[in-house]
1. For residues in segment 283-313 being within 24 Å of Arg38 (Cβ to Cβ) and of a type in the set (Phe, Trp, Tyr), which is most open to solvent (accessible area, probe 1.4 Å)?
2. Quick check on this structure: which one of Phe110, Phe84, Phe44, Phe50 is open to solvent by 40 Å² or more (accessible area, probe 1.4 Å) and under 13 Å from the mean Cα position of the chain (by Cα)?
3. Out of (1) under 35 Å from the mean Cα position of the chain (by Cα); (2) over 30 Å from Ser159 (Cα atoms); (3) modelled with pLDDT under 90; (4) assigned by the TED database to the domain that holds Ser19, the odd one out for Thr245 is which?
4. Only one of Val24, Val68, Val57 is farther than 29 Å from Ala161 by Cα and in contact (Cβ under 8 Å) with a residue 24 or more places away in the chain; which?
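The values are calculated or read from the model by the stated rules, or taken from the named source; none is laboratory data. Quick caveat: nothing in here was measured; it's all calculated off a predicted structure. Note: ideal-geometry Cβ built from the backbone for every residue, glycine included; neighbour counts use all protein chains shown. The protein model used for the area step is the full one, side chains on, heavy atoms only, and it has no ligands, DNA or RNA in it. Shrake-Rupley method; radii C 1.70, N 1.55, O 1.52, S 1.80 Å.
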Amino acid sequence: MDTAEVILSVLVVVIIIVSLLSNVLVLICFLYNPEIRRQVPGLFNLNLTFCNLLLTVANMPLTLVGLVSRAQPGGDGFCQIAGFLETFLSTNSMLSMAALSIDRWIAVVFPLRYHSKMRHKDAALVLGYTWAHSMSFSTVAACLSWVGYHRLYASCTLSNARASSRTQFVVFTVFFHSFTFLLSFIVLCFTYLKVLKVARFHCKRIDVITMQTLVLLVDIHPSVRQRCLEEQKRRRQRATRKISTFIGTFMLCFAPYVITRIVELFPAVPIDPHWGIVSKCLAYSKAACDPFVYSLLRHQYKKTYTDILNRLLKRSSLNADYKHFKI
């Protein structure tokens with residue numbers, strides 16, 4: 001292994017560890033807090049967490065083995081199953097992010113009608129579509145033997161070794177990424193930009209009220225006035241930062257891999273093998289980012305895992321005191 005491959009191997013290990021720990025923590029919070037389970041977005045987060053965990057456990061280690069050994073991990077049948085699973089899970093996770101953005105759009109743009117428009121039954125229908133969409137593409141690829149070991153990505157993924165079906169594979173690949181990555185990206189942009197527009201409108205109204213109040217309070221201390229103005233600025237920046245994070249992480253992690261998959265359809269365009277693995281690592285890193293982007297940095301999840309940690313520490317402290325007392 002050269003230096004670049006060693007660095008990439010370490011990167012895959014780090015992604016596996018972070019993804020495993022963070023997604024397990026999200027799952028623990030979901031099971032621990034009944035309020036999170038009652039909320040509709042919790043179902044989408046649970047589905048996303050499930051996909052990320054399974055991808056972390058089932059596919060990422062195989063990529064690590066393929067990268068280290070420079071060979072296919074397992075036999076052809078085993079690799080085909082792994083490739084089917086990766087296609088299904090990656091597609092499902094993208095569509096789950098789109099579903100979360102639709103939920104936020106309805107909650108912010110139609111707040112009075114949210115509970116009638118997005119019920120648990122509606123969320124189950126949306127998740128049913130994500131599973132049907134993911135299963136259909138994965139099944140077609142598996143039935144046509146378009147999943148297997150791909151040396152460029154050191155992974156069991158979409159691959160076509162037969163020259164006779166090259167045209168069909170090109171059409172399938174373009175169609176697949178258009179109706180998965182591109183569709184999810186368009187939904188994310190549409191919904192979150194609508195959310196940002198509404199958030200900025202509300203911030204503007206609050207700013208007008210705040211400025212009117214500051215004008216009336218002529219005797220207010222300059223430091224208090226300055227803090228109010230700074231809070232206005234932070235409030236506007238906070239909404240933009242959140243939306244940029246949702247869309248930016250999606251593009252940063254998935255776009256390089258999808259673009260590489262499209263470029264490789266043209267044999268005349270050479271692709272560096274190290275870049276193929278880097279793009280795969282970026283796609284895998286989304287599984288490690290999602291728990292922080294969608295769950296763990298929210299107040300409700302922070303409070304939940306803080307309560308769990310406090311209970312564990314308190315219990316450990318009580319056990320230690322009890323043992324000391326017995327001694």
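1. First, the residues of segment 283-313 that are within 24 Å of Arg38 (Cβ to Cβ): 290-311.
Then drop every residue that is not of a type in the set (Phe, Trp, Tyr), which leaves 292, 294, 301, 305.
On the way: Phe292: 85, Tyr294: 17, Tyr301: 3, Tyr305: 64 Å².
Taking the candidates together, the pick is Phe292.
2. On the way: Phe110 fails: under 13 Å from the mean Cα position of the chain (by Cα); Phe84 fails: under 13 Å from the mean Cα position of the chain (by Cα); Phe44 fails: open to solvent by 40 Å² or more (accessible area, probe 1.4 Å).
Just one listed residue meets the conditions, Phe50.
3. Just one mismatch for Thr245, condition (3).
4. On the way: Val68 fails: farther than 29 Å from Ala161 by Cα; Val57 fails: farther than 29 Å from Ala161 by Cα.
Unique residue meeting the criteria: Val24.
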